[in-house]
Amino acid sequence: MTTAQTLAAGLMDYDEAIQTYDPVLGLEVHVELGTVTKMFCGCPTDFGAEPNTQICPICLALPGAMPAVNRTAVEYAIRIGLALNCEIASWCRFARKNYFYPDMPKNFQTSQYDEPIATNGYLDVKIDGQTVRVDIERAHMEEDTGKSTHVGGATGRIHGAEYSLLDYNRAGVPLVEIVTKPIVGTKALAPQVARAYVTALRDLLSSLGVSDVRMDQGSLRCDANVSLTPAGNPLFGTRTETKNVNSLRSVERAVRYEITRQAALLATGTRIVQETRHFDETTGTTSPGRSKETAEDYRYFPEPDLVPLAPEREWVEAIRASLPELPWIRRARMQADWGLTDLQMRDLLASDAVDLVAATVDAGASPAEATSWWSSYLGQQANVRGVALNELPITPAQLAAVIAKVVDGPLNTKIARQVVDGVLAGEGEPDEVIAARGLAVMSDDGALHAAVDEALAAQPAVADKIRSGKLQAVGAIVGAVMKATRGQADAAKVRQLVLSTLGVEG
Amino acid sequence: MTAELTRLGASALAEAIASGQSSAEEVTRAHLDRIEAVDEAVHAFLHVSTESALDQARAVDRARALGDAPVSRLAGVPLALKDIVVQAGVPATAGSKILEGWIPPYDATVTRRLVEAGVVILGKTNLDEFAMGSSTENSAYGPTRNPWDLSRIPGGSGGGSAAALAAFEAPLAIGTDTGGSIRQPAAVTGTVGTKPTYGGVSRYGVIALASSLDQVGPCARTVLDTALLHEVIAGHDPLDSTSIPQPVPLVVDAVRRGQADGVAGMRIGVVSQLRGKGYQAGVLESFDAAVATLAAAGADIVEVDCPHFEYALAAYYLILPSECSSNLARFDAMRYGLRVGDDGTASAEEVMSRTRGAGFGAEVKRRIILGTYALSAGYYDAYYGSAQKVRTLIKQDFEKAFTAADVLVSPASPVTAFAIGEKVNDPLAMYLNDLATIPGSLAGIPAMSVPSGIASDTGLPVGLQIMGPALGEERIYRVAAAFESAYVAAHHRSVPDAAPELEVGVR
Amino acid sequence: MSSVLPSEADEPGPTLTRDSVAHLAHLARLELTDAELDLYVDQLSVILHSVAAVSGVVGTKDIEPTSHAVPLTNIFREDVVRPGLSRDAALAGAPSAENGRFRVPQVLGEEQ
Ligand SMILES: [Mg+2]
Ligand SMILES: [Zn+2]
């Protein structure tokens, strides 16, 4: 498309947009914590339960009910704060954010306002070999809302619906909201930085064990703020906030789309409206949310039903000491330890095989064997079955046991695959499969001698050829022995045996 | 016979039941009969739980028949529960139309403790809507009348509970006190009521008005009965994060000490700021007589100065509306309670507004708007923020006063019961009824009202407020018991015993 | 107005306009009649005028605000499931329900 065409479509060509304007990003990520119970009540947080079966007087905001803070949720919030290099407040409070909405039973959200639990951190994001430091403004605790189903509208969306049905199972699930400072200076890389940041955050949260970070189930949600300023201008432009960005790919697309959309508006002298926008996964575009007639005034004030938090330093330090190795540091260490190329490492990452390889190595296999099994044979098996690698019914320990038998001799690679097939088919542990299927390289020398003698006797002419030094004829005898032993013999060993039987030097 | 049972206090009834002199069922029936006879005139109750009360009483009798020891010192004694405390399966309205017909599916912690103690819950008592008021005229279900004079108010917001005691419909009652809603009704009905230290009694299951001020408390006709009920309901509750994780003060022992040893050697402070302008002559006269009685009993009377009390009412009427505007947001027609204007085309937002417009009374709406204003961006610091600082100044005044005195005293209400309708159109005049009780509410200290006598100018009861430092319940009960004993010794009967008979035919 | 409240009579106190009361009522989701609006504009202005004394007494002094009368910190609940309400019990009080969910009128505006 020409510039004129794209502008006419309301978008500016991306490269041109970036030459004219500097994008400024702000990312707000909500993560649902993986606690057993909700933030302020003892209801379970299981995803996918029957509607309104995980509720109580507290999360339904019945008259008289009062909140009580989940200790584990606070611990997870501190964990997140520490992993993001934040300062942990020595004293902080919950606050009420007042606004009416049917999916929020109290009509206020118990959140944190000017006293968040974690402030001033950063997350280093690697992109195309360079490191971008994303500064974190704050991470604070709050609670999730219920879920509405809009009935009667054509699309199931809010517009045009006749009424709504509410399920409060999710109401009160603990959330930590992580807010970046404005991310400047990324220029053309802005959409990739946004994606890389959310990816790194997802990996970090996963390694911390504080959330299942399932974007598809809403346990990790990203709102992307984007504004443009004329290149070189230090002042920030008017921003939009795009919600409903439900995958890593969408984060990148939504930012990219907003850059081209806002650039087109600015180029024609149109002001950007500060608004909430909605990302459409199918078209990759954003559209304005329905704006409210009046600007919200949340009337924050300290939550009087809860007392302040003053995390003891010993507690915070104990949490800090228990933090796992950061995922990217662990990865770099593994790549070095395993001697993998960048490409090999990237393939392992892409197939989510790193943890499996690591566990297989921990169980005694060599990194090369472990990498090779998970990325080739098991990768194919996962493909065939249409499941993720870690959903295959074989454990790293089982694979390591199979690999050990190859290294020690009793199995060759071909038979080892049959053993793995048996494990995958649910036939039991590798030893059970070997026994049941009668697998294993023939190690009984007597039987092998007999088989060799038999083959030589059956083909005397070939035996003579070998005796006369025509070594290429050995293959025929080896083939016959392998056939007779149904492939369970070690071919190299058979060859050796044929030659020694005939008294020929190999 | 049954009429006599209703004249007895809770401790006497508990003894009669424990000794087998009366059955709990008999006691309960006597009170249900009394309610039947007088409540049409008094209107203390919004709901009478006849069946569940009798079931509870029979359970106490059965346990006794099996030889079990009483589950508490109040087993089998009837009680009137303010209709802002939820009881599973029993309607709860908070005096508001917006909750009409709502049946809570759970028990408040206080309710659970009462039931576990074998206390028989007779029913739910009337109150100003969401406890906002000082006369019980703000109830959506009509006013309660003062048993001393049926044309007068019983105080508020706990007018129903106080009137039930004064009308001998129940020997025990539960109140809630945010700015005086236990103490002021106790004062104007000649009964006893205590607001414990903030956090002393669980608020879980108590429909919130202002979370940082609300306290549940015991009410009765004698100091001992009040103390017995206090020990049943008080104590730490993990469901209320603001509840104090400490042992319950031993207020019953303190009452016995007060009855036996009096107040000799105690320093009793009279707060200069809680008398004078705004106080009725008959109230001050009764108060001065009470102070003289305490002095005669050997107490050192000292004058204390609390200069910031002047600002207490102003701070209170910023903090309370702010918190209540948020607490009452949940009444939105979506999950429970009234729904108005759902015509199939109106939006949820419109239905919320219509329902809240129709379901809340004038005082509730006034305070919600005021609170919404006080919390608004740009006003928060000047209003809510400043009010919280005034609260600090008032706390400091109290701390200083309690270095000079063991307890502080004042009239509990500046006036005796006024006529129904007299102040309904003047919110500010109504707010002044809590002039003496609000400082203690803001500071979170324990305070109670005991009858100091009958005002010579109106012939109506007057309340003496006794305030102690945080967790100083034992002191105030001791002084209250000593005063009550001295009063009875001098007048040969207690103030509540002087309440009119209400023209009940002999049954 | 009573003389017991601190008087700010010499200063022009804060006043509420009819529009601001209407806006506050909207924020608080309270539908008011015109008569109610008129009444509240007057009453609230009087109340506000008298309660405004708090900012005067506090002034710019450095005073720690009291949000909780009895100071406590770090009150936690362990992360253990507690039985809640059955769906039937939860929906029993609902003005309207359908398929195990609370039925509410159409919702305008985006989810927050
Ligand atoms: Mg938030
Ligand atoms: Zn719950």
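The values are calculated or read from the model by the stated rules, or taken from the named source; none is laboratory data. On a predicted model such as this, the values are computed, not experimentally measured, just so you know. Cβ atoms come from the backbone with ideal geometry, glycine included; neighbour counts cover every protein chain shown. Accessible surface areas use protein heavy atoms only, side chains included; no ligands, DNA or RNA. Shrake-Rupley method; radii C 1.70, N 1.55, O 1.52, S 1.80 Å.
The aspartates and glutamates within cross-link reach of B:LYS400, meaning a Cα-to-Cα straight distance under 13 Å and a gap of 8 or more places when in the same chain, are B:GLU303, B:ASP305.
Sequence-ordered 3J(HN,Hα) estimates for region A:94-110 from the Karplus curve with 6.51, -1.76 and 1.60 and θ = phi - 60° stand at 8, 9, 8, 9, 8, 7, 8, 7, x, 7, 10, x, 7, 6, 8, 9, 7 Hz, glycine and proline given as x. Ligands, DNA and RNA left out, the accessible area of region A:327-437 computed with a 1.4 Å probe is 51% carbon and sulfur.
Rolling a 1.4 Å probe over the protein heavy atoms gives chain B an accessible area of 29 Å² per residue.
Using a Förster radius of 22 Å, what is the FRET efficiency between A:GLN274 and A:ASP297 based on their Cβ-Cβ separation? Nearest 0.05, please. With R0 = 22 Å, the Cβ-Cβ based efficiency is 0.90. Using the Karplus relation 6.51 cos²θ - 1.76 cosθ + 1.60 with θ = phi - 60°, the per-residue 3J(HN,Hα) values for region A:246-252 come to 9, 8, 4, 4, 5, 4, 5 Hz, with x marking Gly and Pro.
Taking the Cβ of B:SER452 as the center, what net charge do the other residues with Cβ under 12 Å away carry, scoring Lys and Arg +1 and Asp and Glu -1?
Here the count lands on -3.
Rolling a 1.4 Å probe over the heavy atoms of the protein chains gives region A:327-437 an accessible area of 51 Å² per residue.
For the A and C pair, go ahead and give the buried accessible area with a 1.4 Å probe, both sides summed, in Å² to 100.
Values: alone 25270 and 10660 Å², together 31390 Å².
Between A and C, the summed buried area is about 4500 Å².
Separation of region A:428-506 and region A:257-271, taken as the distance between their Cα centroids, equals 76 angstrom.
Think of it as helices only: each DSSP H run of n ≥ 4 in the protein assembly as shown is worth -39500 (n - 2.57), and spread over all residues that comes to -12000 deg cm²/dmol at 222 nm. Between A:VAL36 and A:THR131, the simple spin-label model (points 7 angstrom out along Cα→Cβ) gives 3.9 nm.
For chain B, what proportion of DSSP beta bridges, expressed in % and rounded to the nearest 5, is antiparallel?
Percent antiparallel among DSSP bridges in chain B is about 65.
Summing Lys, Arg as +1 and Asp, Glu as -1, what charge do residues with Cβ under 13 Å from the Cβ of C:VAL104 carry, C:VAL104 excluded? List each step's numbers first, then the result.
Details: positive: A:LYS147, B:ARG335, B:ARG339, C:ARG101, C:ARG103; negative: A:ASP103, A:GLU162, A:ASP167, B:ASP332, B:ASP342, B:GLU349, B:GLU350, C:GLU98.
After counting each charged neighbour, the total is -3.
Report the relative contact order of chain B, percent, no decimals, based on alpha-carbon pairs under 8 angstrom and at least 6 residues apart.
Numbers: 1267 pairs, mean separation 88.4, N = 507.
Averaging sequence separation for qualifying contacts and normalising by length gives 17 percent for chain B.
A probe of 1.4 angstrom, applied to the heavy atoms of all protein chains, finds A:THR283 with accessible area near 80 square angstrom.
Would you list A:ARG249, A:ARG239 from the most to the least accessible area, probe 1.4 Å?
Order by accessible area, largest first: A:ARG249, A:ARG239.
Note that region A:309-316 has calculated 3J(HN,Hα) couplings of 9, 9, x, 5, 4, 4, 5, 4 Hz, one per residue in order, obtained from phi through the Karplus relation 6.51 cos²θ - 1.76 cosθ + 1.60 (θ = phi - 60°); glycine and proline are x.
Just the accessible area per residue of region A:3-314, please: how many Å² with a 1.4 Å probe?
Numbers: 11410 Å² over 312 residues.
About 37 Å² of surface per residue is accessible.
Roughly how large is the C-B contact in terms of buried accessible area, totalled over both chains, probe 1.4 Å, nearest 100 Å²? Using a 1.4 Å probe on protein heavy atoms, the buried area is about 5300 Å². Counting Cβ atoms of other protein chains within 10 Å of each residue's Cβ and taking the mean over peptide B:310-319 gives 6.
Ordered from highest to lowest accessible area with the whole protein assembly present and a 1.4 Å probe, B:ASP214, B:ASP68 read as B:ASP68, B:ASP214.
Using a 1.4 angstrom probe with every protein chain in place, what is the largest-first accessible-area order of C:THR15, B:THR222? If you can, show how the numbers build up before the last one.
Details: C:THR15 105, B:THR222 45 Å².
The most accessible residue leads, giving C:THR15, B:THR222.
Note on C:GLU78: accessible area is roughly 90 Å² with a 1.4 Å probe, heavy atoms of protein only. Measuring only protein heavy atoms, the 1.4 Å probe finds B:ASP332 accessible over about 0 Å².
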